[in-house]
Amino acid sequence: MGLSYLGIFHTVVGIVAIIAALVSLIRNAKIHLGKLTGKIYFYCTLVASLTALGLSSIKGVNPGHILALLIVVLISVAYFLYWKKPGNNRPRFVENFLLSFSFFLSLIPTVNETFTRVPVGHPLASGPKDPLIAKTLLLLLLLFVVGSILQFRKQRKINKLPDF
């Protein structure tokens with residue numbers, strides 16, 4: 001596989017972030033920053049995105065670096081909304097969307113890297129333009145859209161509840 005120590009660290013932290021996001025989505029129907037899984041997702045995604053800036057098979061800034069920076073911005077804005085705008089209100093819609101979108105974006109390089117490296121010696125895909133990668137990303141996009149609609153509907157119901 002040929003991963004550097006930074007690459008191994010980045011991969012492990014990224015896998016922890018993905019697992020935390022999936023657990024949070026299953027338990028809470030959103031990535032909830034007030035729960036342990038949401039906090040793990042936030043911090044591991046932050047570390048994974050920042051370490052991605054040190055990884056590249058080509059010189060200079062590439063689309064992966066831009067994606068990593070975008071993810072940092074998305075989770076940072078969501079974090080700000082969570083801590084500065086508490087309660088069941090309109091910022092929850094934006095917070096939920098930003099966290100879910102950051103999760104979806106983090107899956108793009110994850111799918112590409114996994115499918116072009118695993119299994120070792122006989123990877124599932126030949127490169128980023130392989131149809132299997134495109135189909136998988138399309139499925140993930142559809143799941144993201146459906147999940148976002150469901151999150152929006154659930155948050156709308158929560159916002160209608162009176163505050164005590």
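Which value, in debye to the nearest 20, describes the size of the charge dipole of region 5-160 about its Cα centre when Lys and Arg Cβ atoms bear +1, Asp and Glu Cβ atoms bear -1, and nothing else is charged?
With only Lys, Arg, Asp and Glu charged at Cβ, the dipole is about 860 debye.
If you keep only loop residues by DSSP, which trypsin sites (Lys or Arg not before Pro) in region 13-117 have at most 13 other Cβ atoms within 10 Å of their Cβ?
Sparse-neighbourhood loop trypsin sites (Lys or Arg not before Pro): Lys59.
Per-residue HN-Hα couplings for region 119-129, Karplus 6.51 cos²θ - 1.76 cosθ + 1.60 at θ = phi - 60°, whole Hz, x for Gly and Pro?
x, 4, x, 9, x, 5, 10, 8, x, x, 8
Of Phe103, Phe80, how do they rank once you tally other Cβ atoms within 10 Å and put the fewest first?
Phe80, Phe103
Distances longer than 23 Å among the Cα atoms of the chain: what percent of all pairs is that?
That fraction is 41 percent.
Could you tell me which residue out of His122, Thr136, Leu53 lies farthest along the dipole of the chain toward its positive end? Charges go on the beta carbon: Lys and Arg +1, Asp and Glu -1, centred on the Cα centre.
Going by the Cα projections, it comes out as Thr136.
Only the coordinates and a few stated rules stand behind these numbers; no lab work does. On a predicted model such as this, the values are computed, not experimentally measured, just so you know. Glycine also receives a Cβ, built like all others from the backbone with ideal geometry; neighbour counts cover every protein chain displayed.
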